[in-house]
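Novice: Take a look at the following structure, please.
The values are calculated or read from the model by the stated rules, or taken from the named source; none is laboratory data. Not measured: the values here are computed from a predicted model. As a convention, Cβ positions derive from the backbone with ideal geometry for all residues, glycine included, and neighbour counts pool all protein chains shown. The protein model used for the area step is the full one, side chains on, heavy atoms only, and it has no ligands, DNA or RNA in it. Shrake-Rupley method; radii C 1.70, N 1.55, O 1.52, S 1.80 Å.
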2 protein chains.
Amino acid sequence: TELNVFQNFDPKIPVSYLNTPHLFLANIDPDLQLRVLEKMKKPKLVGCDTMNLWINTKRASLEKLLKKVDIFFLNEGEARLLTGEKNLIKAGKMILNMGPRGLIIKKGEHGAILMTSKTLFVSPAFPLEKVVDPTGAGDCFAGGFFSSLVKSGKYWDEKSLRQSVIYGTLMASFNVESFSLDRLKKVSMKEIQARFKKFQLHTHVPV
Amino acid sequence: TELNVFQNFDPKIPVSYLNTPHLFLANIDPDLQLRVLEKMKKPKLVGCDTMNLWINTKRASLEKLLKKVDIFFLNEGEARLLTGEKNLIKAGKMILNMGPRGLIIKKGEHGAILMTSKTLFVSPAFPLEKVVDPTGAGDCFAGGFFSSLVKSGKYWDEKSLRQSVIYGTLMASFNVESFSLDRLKKVSMKEIQARFKKFQLHTHVPV
(Lines give C-alpha, C1' and ligand atoms only; values in the text may rest on other atoms or scores of the structure.)
Protein backbone atom coordinates (compact mmCIF):
# COMPACT_ATOMS: atom_id res chain seq x y z
CA THR A 1 0.00 0.00 0.00
CA GLU A 2 1.36 3.40 -1.04
CA LEU A 3 -0.29 6.12 1.03
CA ASN A 4 0.86 8.88 -1.33
CA VAL A 5 -0.89 12.15 -0.43
CA PHE A 6 -2.31 10.53 2.69
CA GLN A 7 1.19 9.91 4.10
CA ASN A 8 1.22 13.21 5.97
CA PHE A 9 -2.46 14.06 5.73
CA ASP A 10 -3.91 15.98 8.65
CA PRO A 11 -7.49 16.90 7.83
CA LYS A 12 -8.57 20.46 8.58
CA ILE A 13 -12.30 20.55 9.13
CA PRO A 14 -14.14 23.72 8.11
CA VAL A 15 -16.05 25.20 11.06
CA SER A 16 -19.31 24.85 9.14
CA TYR A 17 -18.80 21.07 9.06
CA LEU A 18 -18.44 20.61 12.81
CA ASN A 19 -22.16 20.29 13.44
CA THR A 20 -22.68 17.67 10.72
CA PRO A 21 -25.14 15.20 12.25
CA HIS A 22 -24.07 12.23 10.10
CA LEU A 23 -20.42 11.37 9.84
CA PHE A 24 -18.75 8.76 7.68
CA LEU A 25 -15.05 8.25 8.41
CA ALA A 26 -13.78 6.74 5.18
CA ASN A 27 -10.79 4.42 5.21
CA ILE A 28 -7.71 6.20 6.52
CA ASP A 29 -5.33 5.89 9.48
CA PRO A 30 -7.59 5.22 12.49
CA ASP A 31 -5.67 7.83 14.52
CA LEU A 32 -6.84 10.42 11.98
CA GLN A 33 -10.36 9.02 12.05
CA LEU A 34 -10.34 9.37 15.85
CA ARG A 35 -8.99 12.93 15.64
CA VAL A 36 -11.73 13.96 13.22
CA LEU A 37 -14.38 12.33 15.37
CA GLU A 38 -13.14 14.15 18.48
CA LYS A 39 -13.40 17.51 16.72
CA MET A 40 -17.02 16.98 15.70
CA LYS A 41 -19.82 18.26 17.92
CA LYS A 42 -22.17 15.39 18.74
CA PRO A 43 -22.86 13.65 15.45
CA LYS A 44 -26.02 11.53 15.62
CA LEU A 45 -24.76 8.71 13.45
CA VAL A 46 -21.13 7.77 12.85
CA GLY A 47 -19.85 5.22 10.37
CA CYS A 48 -16.35 4.15 9.50
CA ASP A 49 -14.43 1.94 7.12
CA THR A 50 -10.92 0.51 7.41
CA MET A 51 -8.46 -1.73 5.58
CA ASN A 52 -5.94 -4.53 6.05
CA LEU A 53 -3.04 -2.07 6.53
CA TRP A 54 -4.58 -0.53 9.67
CA ILE A 55 -5.72 -3.88 11.02
CA ASN A 56 -2.13 -5.05 10.78
CA THR A 57 -0.33 -1.90 11.93
CA LYS A 58 -2.79 0.16 14.04
CA ARG A 59 -5.01 -2.35 15.73
CA ALA A 60 -5.11 -0.56 19.10
CA SER A 61 -6.27 2.71 17.49
CA LEU A 62 -8.79 0.87 15.35
CA GLU A 63 -10.21 -0.93 18.39
CA LYS A 64 -10.49 2.42 20.20
CA LEU A 65 -12.35 3.85 17.19
CA LEU A 66 -14.72 0.89 16.96
CA LYS A 67 -15.98 1.64 20.48
CA LYS A 68 -17.07 5.08 19.24
CA VAL A 69 -18.74 4.38 15.90
CA ASP A 70 -22.30 3.25 15.21
CA ILE A 71 -21.82 1.42 11.93
CA PHE A 72 -18.68 -0.27 10.75
CA PHE A 73 -18.06 -1.19 7.09
CA LEU A 74 -15.36 -3.60 6.03
CA ASN A 75 -14.86 -6.28 3.42
CA GLU A 76 -14.86 -10.03 3.98
CA GLY A 77 -11.07 -10.36 3.89
CA GLU A 78 -10.73 -7.61 6.46
CA ALA A 79 -13.39 -9.19 8.69
CA ARG A 80 -11.43 -12.43 8.65
CA LEU A 81 -8.14 -10.63 9.27
CA LEU A 82 -9.53 -8.59 12.15
CA THR A 83 -10.99 -11.59 13.95
CA GLY A 84 -8.89 -14.55 12.83
CA GLU A 85 -12.22 -16.28 12.14
CA LYS A 86 -12.98 -17.69 8.69
CA ASN A 87 -16.75 -18.00 9.13
CA LEU A 88 -18.20 -14.57 8.36
CA ILE A 89 -21.25 -14.87 10.61
CA LYS A 90 -19.05 -15.79 13.57
CA ALA A 91 -16.55 -13.07 12.60
CA GLY A 92 -19.42 -10.56 12.42
CA LYS A 93 -20.56 -11.39 15.95
CA MET A 94 -17.00 -10.97 17.21
CA ILE A 95 -16.77 -7.56 15.53
CA LEU A 96 -20.10 -6.43 16.99
CA ASN A 97 -18.62 -7.27 20.39
CA MET A 98 -15.83 -4.79 19.67
CA GLY A 99 -18.28 -1.89 19.83
CA PRO A 100 -20.25 -0.92 16.73
CA ARG A 101 -24.01 -1.36 16.90
CA GLY A 102 -24.20 -2.13 13.20
CA LEU A 103 -21.83 -3.95 10.90
CA ILE A 104 -21.70 -4.33 7.15
CA ILE A 105 -19.44 -6.93 5.62
CA LYS A 106 -18.96 -6.19 1.93
CA LYS A 107 -18.33 -9.10 -0.42
CA GLY A 108 -18.00 -7.32 -3.77
CA GLU A 109 -19.74 -9.25 -6.54
CA HIS A 110 -21.14 -11.64 -3.91
CA GLY A 111 -23.14 -9.01 -2.04
CA ALA A 112 -23.17 -7.87 1.56
CA ILE A 113 -24.07 -8.94 5.08
CA LEU A 114 -25.73 -6.60 7.57
CA MET A 115 -25.55 -7.47 11.23
CA THR A 116 -26.75 -5.93 14.47
CA SER A 117 -27.46 -7.75 17.73
CA LYS A 118 -31.01 -8.28 16.39
CA THR A 119 -30.53 -8.45 12.63
CA LEU A 120 -28.88 -10.74 10.16
CA PHE A 121 -29.56 -9.71 6.57
CA VAL A 122 -27.76 -11.27 3.63
CA SER A 123 -28.01 -9.72 0.21
CA PRO A 124 -26.60 -10.61 -3.20
CA ALA A 125 -24.97 -7.89 -5.29
CA PHE A 126 -26.80 -6.45 -8.27
CA PRO A 127 -25.98 -8.79 -11.17
CA LEU A 128 -23.92 -6.86 -13.71
CA GLU A 129 -22.55 -7.86 -17.07
CA LYS A 130 -20.38 -4.79 -17.39
CA VAL A 131 -17.79 -4.24 -14.68
CA VAL A 132 -15.16 -1.72 -15.72
CA ASP A 133 -13.48 -0.60 -12.51
CA PRO A 134 -14.25 -1.63 -8.92
CA THR A 135 -12.31 1.32 -7.45
CA GLY A 136 -14.48 3.25 -5.03
CA ALA A 137 -17.26 0.64 -4.88
CA GLY A 138 -16.95 0.40 -1.09
CA ASP A 139 -17.22 4.15 -0.60
CA CYS A 140 -20.21 4.30 -2.95
CA PHE A 141 -21.82 1.53 -0.96
CA ALA A 142 -21.30 3.48 2.25
CA GLY A 143 -22.58 6.68 0.62
CA GLY A 144 -25.73 5.04 -0.71
CA PHE A 145 -26.32 3.25 2.57
CA PHE A 146 -25.85 6.39 4.68
CA SER A 147 -27.97 8.67 2.55
CA SER A 148 -30.81 6.15 2.42
CA LEU A 149 -30.66 5.57 6.18
CA VAL A 150 -30.48 9.28 7.01
CA LYS A 151 -33.37 10.02 4.65
CA SER A 152 -35.47 7.35 6.37
CA GLY A 153 -34.88 9.11 9.68
CA LYS A 154 -34.98 5.73 11.46
CA TYR A 155 -31.43 4.55 11.86
CA TRP A 156 -32.14 1.28 13.63
CA ASP A 157 -35.38 0.33 11.98
CA GLU A 158 -35.11 -3.10 10.37
CA LYS A 159 -36.81 -2.02 7.16
CA SER A 160 -34.69 1.15 6.79
CA LEU A 161 -31.48 -0.75 7.43
CA ARG A 162 -32.26 -3.42 4.83
CA GLN A 163 -33.37 -0.92 2.21
CA SER A 164 -30.21 1.07 2.86
CA VAL A 165 -28.08 -2.00 2.19
CA ILE A 166 -29.81 -2.29 -1.18
CA TYR A 167 -29.27 1.40 -2.01
CA GLY A 168 -25.62 0.97 -1.05
CA THR A 169 -25.46 -2.06 -3.33
CA LEU A 170 -27.05 -0.14 -6.20
CA MET A 171 -24.78 2.91 -5.89
CA ALA A 172 -21.77 0.58 -5.93
CA SER A 173 -23.20 -1.17 -9.01
CA PHE A 174 -23.47 2.11 -10.92
CA ASN A 175 -19.97 3.13 -9.87
CA VAL A 176 -18.23 0.01 -11.18
CA GLU A 177 -19.80 0.39 -14.63
CA SER A 178 -17.23 3.01 -15.65
CA PHE A 179 -13.92 4.57 -14.67
CA SER A 180 -13.75 7.25 -12.02
CA LEU A 181 -17.06 9.06 -11.42
CA ASP A 182 -18.19 8.91 -15.06
CA ARG A 183 -21.29 6.83 -14.40
CA LEU A 184 -22.13 8.28 -10.99
CA LYS A 185 -22.05 11.84 -12.27
CA LYS A 186 -24.81 11.00 -14.72
CA VAL A 187 -27.00 8.67 -12.66
CA SER A 188 -30.50 9.97 -11.91
CA MET A 189 -32.85 9.18 -9.04
CA LYS A 190 -35.16 7.63 -11.63
CA GLU A 191 -32.40 5.24 -12.75
CA ILE A 192 -31.66 4.32 -9.15
CA GLN A 193 -35.31 3.52 -8.45
CA ALA A 194 -35.56 1.54 -11.69
CA ARG A 195 -32.53 -0.51 -10.65
CA PHE A 196 -34.09 -1.07 -7.21
CA LYS A 197 -37.08 -2.66 -8.98
CA LYS A 198 -34.76 -4.73 -11.16
CA PHE A 199 -32.86 -5.85 -8.07
CA GLN A 200 -36.12 -7.05 -6.54
CA LEU A 201 -36.95 -8.87 -9.76
CA HIS A 202 -33.61 -10.72 -9.73
CA THR A 203 -33.72 -11.61 -6.03
CA HIS A 204 -37.38 -12.22 -5.24
CA VAL A 205 -38.10 -15.54 -3.49
CA PRO A 206 -41.69 -16.62 -4.12
CA VAL A 207 -43.58 -18.19 -1.21
CA THR B 1 -7.68 -35.35 -8.78
CA GLU B 2 -7.52 -39.03 -7.88
CA LEU B 3 -10.40 -40.88 -9.50
CA ASN B 4 -9.96 -43.96 -7.31
CA VAL B 5 -12.94 -46.30 -7.76
CA PHE B 6 -14.18 -44.16 -10.64
CA GLN B 7 -11.01 -44.84 -12.68
CA ASN B 8 -12.56 -47.84 -14.40
CA PHE B 9 -16.18 -47.30 -13.48
CA ASP B 10 -18.75 -48.46 -15.99
CA PRO B 11 -22.20 -48.01 -14.52
CA LYS B 12 -24.65 -50.86 -14.91
CA ILE B 13 -28.17 -49.57 -14.78
CA PRO B 14 -30.84 -51.87 -13.35
CA VAL B 15 -33.65 -52.41 -15.85
CA SER B 16 -36.15 -50.97 -13.39
CA TYR B 17 -34.28 -47.65 -13.54
CA LEU B 18 -34.47 -47.23 -17.30
CA ASN B 19 -37.84 -45.51 -17.26
CA THR B 20 -36.86 -42.99 -14.59
CA PRO B 21 -38.45 -39.73 -15.73
CA HIS B 22 -35.98 -37.44 -13.91
CA LEU B 23 -32.29 -38.01 -14.34
CA PHE B 24 -29.41 -36.29 -12.61
CA LEU B 25 -26.00 -37.15 -14.03
CA ALA B 26 -23.69 -36.33 -11.13
CA ASN B 27 -20.11 -35.28 -11.78
CA ILE B 28 -18.20 -38.04 -13.56
CA ASP B 29 -16.44 -38.54 -16.92
CA PRO B 30 -18.80 -36.97 -19.51
CA ASP B 31 -18.40 -40.05 -21.74
CA LEU B 32 -19.96 -42.10 -18.95
CA GLN B 33 -22.66 -39.48 -18.42
CA LEU B 34 -23.44 -39.70 -22.15
CA ARG B 35 -23.50 -43.49 -22.06
CA VAL B 36 -25.94 -43.52 -19.15
CA LEU B 37 -28.13 -40.93 -20.84
CA GLU B 38 -28.25 -42.98 -24.05
CA LYS B 39 -29.41 -46.05 -22.15
CA MET B 40 -32.33 -44.26 -20.53
CA LYS B 41 -35.76 -44.31 -22.17
CA LYS B 42 -37.01 -40.76 -22.66
CA PRO B 43 -36.36 -39.02 -19.35
CA LYS B 44 -38.49 -35.87 -19.02
CA LEU B 45 -35.91 -33.80 -17.21
CA VAL B 46 -32.14 -34.31 -17.30
CA GLY B 47 -29.59 -32.49 -15.20
CA CYS B 48 -25.84 -32.82 -15.01
CA ASP B 49 -22.84 -31.57 -13.09
CA THR B 50 -19.17 -31.54 -14.05
CA MET B 51 -15.77 -30.43 -12.77
CA ASN B 52 -12.51 -28.74 -13.82
CA LEU B 53 -10.87 -32.10 -14.71
CA TRP B 54 -13.42 -32.84 -17.46
CA ILE B 55 -13.45 -29.26 -18.72
CA ASN B 56 -9.69 -29.52 -19.16
CA THR B 57 -9.45 -33.07 -20.51
CA LYS B 58 -12.83 -33.99 -22.07
CA ARG B 59 -14.23 -30.78 -23.41
CA ALA B 60 -15.60 -32.29 -26.64
CA SER B 61 -17.57 -34.94 -24.74
CA LEU B 62 -18.79 -32.38 -22.24
CA GLU B 63 -19.98 -30.08 -25.04
CA LYS B 64 -21.78 -33.01 -26.64
CA LEU B 65 -23.46 -33.76 -23.32
CA LEU B 66 -24.50 -30.15 -22.77
CA LYS B 67 -26.56 -30.25 -25.95
CA LYS B 68 -28.60 -33.08 -24.43
CA VAL B 69 -29.26 -31.92 -20.86
CA ASP B 70 -31.96 -29.59 -19.59
CA ILE B 71 -30.26 -28.19 -16.51
CA PHE B 72 -26.54 -27.82 -15.97
CA PHE B 73 -24.97 -27.32 -12.53
CA LEU B 74 -21.42 -26.11 -12.06
CA ASN B 75 -19.51 -23.91 -9.67
CA GLU B 76 -18.23 -20.40 -10.36
CA GLY B 77 -14.63 -21.49 -10.97
CA GLU B 78 -15.81 -24.10 -13.46
CA ALA B 79 -18.06 -21.57 -15.23
CA ARG B 80 -15.04 -19.29 -15.65
CA LEU B 81 -12.82 -22.16 -16.79
CA LEU B 82 -15.37 -23.43 -19.30
CA THR B 83 -15.92 -20.03 -20.92
CA GLY B 84 -12.71 -18.09 -20.29
CA GLU B 85 -14.98 -15.29 -19.08
CA LYS B 86 -14.53 -13.83 -15.59
CA ASN B 87 -17.92 -12.12 -15.36
CA LEU B 88 -20.37 -14.80 -14.22
CA ILE B 89 -23.45 -13.32 -15.89
CA LYS B 90 -21.64 -13.17 -19.23
CA ALA B 91 -20.20 -16.65 -18.64
CA GLY B 92 -23.70 -17.92 -17.85
CA LYS B 93 -25.07 -16.61 -21.14
CA MET B 94 -22.22 -18.27 -23.01
CA ILE B 95 -22.97 -21.59 -21.27
CA LEU B 96 -26.69 -21.36 -22.08
CA ASN B 97 -25.64 -21.00 -25.71
CA MET B 98 -23.89 -24.35 -25.41
CA GLY B 99 -27.22 -26.13 -25.04
CA PRO B 100 -28.81 -26.41 -21.61
CA ARG B 101 -32.11 -24.59 -21.12
CA GLY B 102 -31.33 -23.93 -17.46
CA LEU B 103 -28.07 -23.22 -15.67
CA ILE B 104 -27.14 -23.05 -12.03
CA ILE B 105 -23.83 -21.53 -11.04
CA LYS B 106 -23.01 -22.52 -7.46
CA LYS B 107 -20.93 -20.13 -5.37
CA GLY B 108 -20.67 -22.03 -2.07
CA GLU B 109 -21.04 -19.67 0.90
CA HIS B 110 -21.93 -16.86 -1.52
CA GLY B 111 -25.06 -18.49 -2.90
CA ALA B 112 -26.15 -19.42 -6.40
CA ILE B 113 -27.22 -17.97 -9.73
CA LEU B 114 -30.03 -19.45 -11.81
CA MET B 115 -30.24 -18.57 -15.47
CA THR B 116 -32.48 -19.44 -18.37
CA SER B 117 -33.03 -17.35 -21.51
CA LYS B 118 -35.81 -15.60 -19.56
CA THR B 119 -34.65 -15.76 -15.97
CA LEU B 120 -31.83 -14.33 -13.92
CA PHE B 121 -32.21 -15.16 -10.24
CA VAL B 122 -29.44 -14.48 -7.73
CA SER B 123 -29.64 -15.95 -4.27
CA PRO B 124 -27.39 -15.77 -1.21
CA ALA B 125 -26.54 -18.96 0.65
CA PHE B 126 -28.23 -19.72 3.96
CA PRO B 127 -26.07 -17.94 6.58
CA LEU B 128 -24.47 -20.59 8.78
CA GLU B 129 -22.25 -20.29 11.81
CA LYS B 130 -21.36 -23.95 11.83
CA VAL B 131 -19.69 -25.33 8.73
CA VAL B 132 -18.03 -28.68 9.37
CA ASP B 133 -17.50 -30.22 5.94
CA PRO B 134 -18.46 -28.86 2.51
CA THR B 135 -18.05 -32.28 0.83
CA GLY B 136 -21.18 -33.17 -1.10
CA ALA B 137 -22.78 -29.72 -0.84
CA GLY B 138 -23.09 -29.47 -4.62
CA ASP B 139 -24.81 -32.84 -4.93
CA CYS B 140 -27.15 -31.97 -2.07
CA PHE B 141 -27.96 -28.72 -3.84
CA ALA B 142 -28.79 -30.61 -7.02
CA GLY B 143 -30.85 -33.16 -5.08
CA GLY B 144 -32.86 -30.51 -3.25
CA PHE B 145 -33.34 -28.52 -6.44
CA PHE B 146 -34.44 -31.53 -8.48
CA SER B 147 -36.85 -32.95 -5.93
CA SER B 148 -38.48 -29.55 -5.38
CA LEU B 149 -38.80 -28.95 -9.12
CA VAL B 150 -40.16 -32.42 -9.83
CA LYS B 151 -42.64 -32.11 -6.96
CA SER B 152 -43.89 -28.80 -8.37
CA GLY B 153 -44.60 -30.54 -11.68
CA LYS B 154 -43.75 -27.30 -13.52
CA TYR B 155 -40.13 -27.52 -14.60
CA TRP B 156 -39.91 -24.15 -16.33
CA ASP B 157 -42.20 -22.14 -14.15
CA GLU B 158 -40.38 -19.11 -12.75
CA LYS B 159 -41.75 -19.60 -9.24
CA SER B 160 -40.94 -23.32 -9.15
CA LEU B 161 -37.41 -22.73 -10.41
CA ARG B 162 -36.67 -20.07 -7.82
CA GLN B 163 -38.14 -22.06 -4.96
CA SER B 164 -36.13 -25.06 -6.10
CA VAL B 165 -32.92 -23.01 -5.93
CA ILE B 166 -33.78 -22.22 -2.31
CA TYR B 167 -34.50 -25.87 -1.47
CA GLY B 168 -31.19 -26.79 -3.07
CA THR B 169 -29.50 -24.11 -0.96
CA LEU B 170 -31.16 -25.42 2.19
CA MET B 171 -30.27 -29.08 1.60
CA ALA B 172 -26.66 -28.02 1.02
CA SER B 173 -26.76 -25.98 4.22
CA PHE B 174 -27.87 -28.98 6.26
CA ASN B 175 -25.27 -31.18 4.64
CA VAL B 176 -22.28 -28.98 5.51
CA GLU B 177 -23.23 -28.87 9.20
CA SER B 178 -21.68 -32.28 9.83
CA PHE B 179 -19.43 -34.92 8.33
CA SER B 180 -20.74 -37.38 5.77
CA LEU B 181 -24.52 -37.81 5.86
CA ASP B 182 -24.84 -37.39 9.64
CA ARG B 183 -27.03 -34.28 9.48
CA LEU B 184 -28.93 -35.19 6.31
CA LYS B 185 -29.93 -38.57 7.69
CA LYS B 186 -31.71 -36.85 10.57
CA VAL B 187 -33.23 -33.83 8.87
CA SER B 188 -37.04 -33.72 8.80
CA MET B 189 -39.39 -31.99 6.37
CA LYS B 190 -40.43 -29.80 9.28
CA GLU B 191 -36.86 -28.64 9.79
CA ILE B 192 -36.48 -27.94 6.08
CA GLN B 193 -39.64 -25.83 6.03
CA ALA B 194 -38.55 -23.99 9.18
CA ARG B 195 -35.23 -23.19 7.54
CA PHE B 196 -37.05 -21.97 4.42
CA LYS B 197 -38.86 -19.44 6.65
CA LYS B 198 -35.59 -18.46 8.29
CA PHE B 199 -34.01 -18.02 4.89
CA GLN B 200 -36.79 -15.64 3.92
CA LEU B 201 -36.30 -13.76 7.18
CA HIS B 202 -32.59 -13.28 6.49
CA THR B 203 -33.02 -12.27 2.85
CA HIS B 204 -36.27 -10.32 2.71
CA VAL B 205 -36.00 -6.92 1.01
CA PRO B 206 -38.77 -4.61 2.22
CA VAL B 207 -40.41 -2.32 -0.36
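Novice: Taking just the alpha carbons, could you work out the radius of gyration and Dmax for chain A, both in angstroms?
Specialist: 16.8, 55
Novice: List the pairs from A:Lys67/A:Lys198; A:Lys106/B:Lys130; B:Lys90/B:Lys185 whose alpha-carbon separation is above 31 Å, in the order I gave them.
Specialist: A:Lys67/A:Lys198; B:Lys90/B:Lys185
Novice: Take every residue in peptide B:121-133, count the Cβ atoms of other chains within 10 Å of its Cβ, and give the average of those counts.
Specialist: Counting other chains' Cβ atoms within 10 Å and averaging over B:121-133 gives 5.
Novice: Show log10 I(q)/I(0) for segment B:128-207 at q = 0.25 Å⁻¹, two decimals, from a solvent-free Debye sum over equal Cα scatterers.
Specialist: Taking Cα atoms of segment B:128-207 as identical point scatterers yields -1.22.
Novice: Moving to a separate point now. With N set to the residue count of segment B:127-170, report its C-alpha Rg divided by 2.2 N^0.38 Å to two decimal places. Don't jump to the answer; show the numbers that get you there.
Specialist: On the way: Rg = 11.7 Å, N = 44, 2.2 N^0.38 = 9.3 Å.
After normalising by residue count via 2.2 N^0.38 Å, the value is 1.26.
Novice: Find out how many positive minus negative residues lie around A:Asp31, taking Lys and Arg as positive, Asp and Glu as negative, among other residues whose Cβ is under 11 Å from that of A:Asp31.
Specialist: Details: positive: A:Arg35, A:Lys58, A:Lys64; negative: A:Asp10, A:Asp29, A:Glu38.
It works out to a net charge of 0.
Novice: Less than 15 Å Cβ to Cβ from B:Gln7, Lys/Arg counted +1 and Asp/Glu -1: what total charge do the surrounding residues give? Before the final figure, lay out the partial values.
Specialist: Numbers: positive: B:Lys58; negative: B:Glu2, B:Asp10, B:Asp29, B:Asp31.
Net charge around B:Gln7: -3.
Novice: Using only protein heavy atoms and a 1.4 angstrom probe, determine the accessible area buried between B and A, summed over both sides, in Å² to the nearest 100.
Specialist: 2900 Å²
Novice: Which distance in nm do the two modelled labels at B:Asn52 and A:Ser61 give, with both placed 7 Å along the Cα-to-Cβ direction?
Specialist: 4.0 nm
Novice: With each pseudo-label sitting 7 Å past Cα toward Cβ, what's the A:Glu158-A:Ser180 distance in nm, one decimal?
Specialist: 4.5 nm
Novice: I need the calculated FRET efficiency for the pair B:Lys190 and A:Leu32, taking r as the beta carbon distance and R₀ as 45 Å, to the nearest 0.05. Present the calculation step by step, with values, prior to reporting the outcome.
Specialist: Details: r = 53 Å, r/R0 = 1.19.
The formula returns an efficiency of 0.25 here.
Novice: Along each principal axis of its Cα atoms, how long is segment A:74-196 end to end? Whole angstroms, biggest number first, please.
Specialist: Each principal axis gives a Cα extent; for segment A:74-196 these are 40, 31, 19 Å.
Novice: Quick one: Kirkwood hydrodynamic radius for segment B:1-83, alpha-carbon pairs, angstrom, one decimal?
Specialist: Details: mean 1/r = 0.0751 Å⁻¹.
That comes to 13.3 Å for segment B:1-83.
Novice: When only alpha-carbon atoms are used, what values of Rg and Dmax, in angstrom, describe the protein assembly as shown?
Specialist: When restricted to the Cα atoms of the protein assembly as shown, Rg and Dmax are 23.7, 84 Å.
Novice: While we're looking at this one, here's another question. Please identify the chymotrypsin sites (Phe, Trp or Tyr not before Pro) of segment A:133-193 that satisfy two criteria: DSSP loop assignment and at most 16 other Cβ atoms within 10 Å. Which are they?
Specialist: A:Trp156, A:Phe179
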